[in-house]
Each structure stands twice: as structure tokens, then as C-alpha cells.
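The values are calculated or read from the model by the stated rules, or taken from the named source; none is laboratory data. Please read these numbers as outputs of a predicted model, since none were measured by experiment. Note: ideal-geometry Cβ built from the backbone for every residue, glycine included; neighbour counts use all protein chains shown.
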């Protein structure tokens, strides 16, 4: 068949040969001639010995480098190889390997490099464990803890230390990207966080690991999922930093598209040591979303309303089902308000090394205090479906058990299995 290119190997290309009496264009003849020249030059370059190539390399940069035969590839027409991809790819790779070093550097470094940049690119968020964030609030170490988080963000290479002079440039300079305090305040923070968040030696700030910091804050275990805290939040006023550290508790419990189960403010106060009045102030400042929760019980009779009123107090009210969602249309039921659910402003992060950190924490507490007094058991009363609620009710019938019902975005309704007492 005429017009077929025979490819014997990666470097051997047979020229196009037309049949007798068939006209060949001038462009095709020129391409054949170039291919023949290229094949001859390739054979000549392979015949050179390795020693001769080494002597050419040792002549130095002052000697003019011989022109590579592959430099003519760029001058060939686009139809080189006539859709023969292996031949074209092999020749292009050979050309790239033979390219001068200065040309490669010019292609890979068109502008400022990361080394020459005065301010390397820093991440916009930092991974924070809510257990440690709550530990900072409980131990009143928010100011020094903020510096520890910022030092982790600056240490992008993971060396584990930052120079004190570099820290002053990062955090106290007038045009510093992470400025949040003055030189005197930085000196005070470094002294306050010594042996808790870092150890200073020979002009360097050696950062302590997450496990050792948690041990210093008397956090026995990292139970909650970590979240992404924006770096810009750590540069704001200390009150805003406290609010966001508190908000990590709610961000870890809920996703942005679904509210978590209800939780009472008294329970939050026991877990975080933040009083309800302060909780409301932090939630407004950190923009924590709240969602109302209601439970629907039996039909609204005088006895049912009185019995539920003794338990729930003023939270009890009468709910009339106009749409017939709970039963016959127009029936009334006993209902009461549950604690709110919350959606935090931070995105959740993968747990990563959280299991290894907990193992290290166990070893640290076994060597010192046990930390059992830090554990707080909370009775589970809210479930995602009725099967789980009924299963838990059979084991513990002294408490009401709830499972999810209708959710219209403004509030969440819960079905209930009332206590047997």
C-alpha cells in the first residue's frame, strides 16, 4: 500500500516512497530529505565513543557546545512521522534531555523563586484540636496558646523550631503579615509559655509537640475531631480568639449542612468550663448558628399535660397538628422545647495522627497523673432513628429517649419514648 511509513525502531524511520507514475509534492520531497539527513546525523552521533563525550564535557563552560542534531526537530513540519506518536515522543524527550542547563532554569524559574521571596506563602488555616482549644480556655493560656499556633503556621517545613529574630519579624514588624503584638508583649508571651508550649535555647524557639502541650494543659485524650481555624482569626483581638476557640467545640460536633443533636448549656459548661452567659457572647462573636429543637409526646389530655408540666416546667405547651403529620388532622399533642443544637463556623479536618497522639498522651499520664478526674460521662438521650432509641431505652428506661423527626430548617422535631417511672 502506498503512503505507509515503516517504523523499525525508535530512531529508524524509512522515507516515503511513492509508486511509479505517482506524483509526489515538493513539500513531501523536502521532508524526505530532512529525514534522511537526520538519520545520518543520528548514526554519526551514536558512533562517537564514551571517552570522547567525556572529554567534550571536561573542556569547561567557555568552550562552545556542539550543536545537537536533534535541534533540527523544531524546524520540521508538524506532520513529522505522519501520526507516528512513538517516534515523535522519543525524539522530543531526547531533545529535552539535551537542552542547555541555563535554558531549563529560565523555563522553570520565570520570576521570583520561593527562596528569594521575603514572605513565603503561608496556609490560610491551621489544624486545631478542640480538646486543646478548650484546655487553653480552662487553663487561661489563650494568649500564649495563640502564639504557639502561629509559630506552627510559620514553621511550614516542619523543623520544629523558629528563630527568635525571625519570630519578631513575623509577629511584631510594622509590615509583617502575621503582626498581632509588639516586641514587649512578644517577650512576655515567650516567658509565659516556657516549658508549656516551647523551650528557648541558643536563639531558637523549640516547639513542643501536640501530645506534650495537651499533657501540660491536663487534657487526657483528644476525643473530638479537629477543625480548620483561619490564621486571620488569630491576629484579631484576644476576645475574638477566645470566642473561636470555644466555637471549635461546636464545629467538631456538627457539619455545616446538618445540626448535631441538642445539648444543654449546663452540659456545655461542664465540658468547657464556660458559663452560659459567656457562651452566648462567644457564639455571637464567632457566628455560631443555633437551631431550636422541640419534642412531641402523647395526645394533649389534662393528665398528660400535667405530668409533662411537672418535668419540663414552662417549656411544655400544646401543639395542634393542622397538617395531620403526627396522626389525625386537627389533633393536639403535648410538646415541649428541648435544648438547642449548634453549627460551628469552622470546617472539620481529618483526624490524621490523632490516634498516635492519644497513645503518647496515655504514656505521659501513666508516668505522671492519671487524669481520670478529667473524664466526664454524659448520658446519651438523642438518637438518629427510633431503632437506636428503643435499643437504648431497654437498657436504661429511667430517662426519656428521643429520635429525629421533621426538620424544616428553622426547627427540628423529635419523637420521644417517655420514661417508665
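Some values worked out for this structure:
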| quantity | calculated |
| --- | --- |
| Residues of the stretch 261-270 that turn out to be surrounded by fewer than 17 Cβ atoms within 10 Å (Cβ to Cβ) and out of contact with any strand residue (DSSP E or B) (no Cβ under 6 Å at 6 or more places or on another chain), as a count | 5 |
| Residue 195 being in the same structural domain as residue 356 (by TED's automatic domain parsing), under 21 Å from residue 282 (Cβ atoms) and surrounded by fewer than 17 Cβ atoms within 10 Å (Cβ to Cβ) | no |
| Qualifying residue in the stretch 259-267 (condition: within 29 Å of residue 356 (Cα to Cα) and either without any contact (Cβ under 8 Å) to a residue 60 or more places away in the chain or under 27 Å from the mean Cα position of the chain (by Cα) (or both)) | yes |
| Residue count for the stretch 311-329, restricted to those that are farther than 15 Å from residue 419 by Cα and part of a helix (DSSP H, G or I) | 3 |
| Unmet criterion (only one of (1) out of contact with any helix residue (DSSP H, G or I) (no Cβ under 9 Å at 6 or more places or on another chain); (2) free of Cβ contacts under 8 Å to residues at least 24 places away in the same chain; (3) more than 30 Å from residue 279 (Cβ to Cβ)) for residue 206 | (2) |
| Checking residue 192 against (1) without any contact (Cβ under 8 Å) to a residue 40 or more places away in the chain; (2) over 22 Å from residue 232 (Cβ atoms), the condition it does not meet | (1) |
| Enumeration of residues in the stretch 281-303 that are within 24 Å of residue 382 (Cα to Cα) and buried (at least 17 other Cβ atoms within 10 Å of the Cβ) | 283, 288, 291, 293, 294, 295, 296, 297, 300 |
| Hits in the stretch 151-176 (condition: in contact (Cβ under 8 Å) with a residue 40 or more places away in the chain and in a loop (DSSP other than H, G, I, E, B)) | 155, 160 |
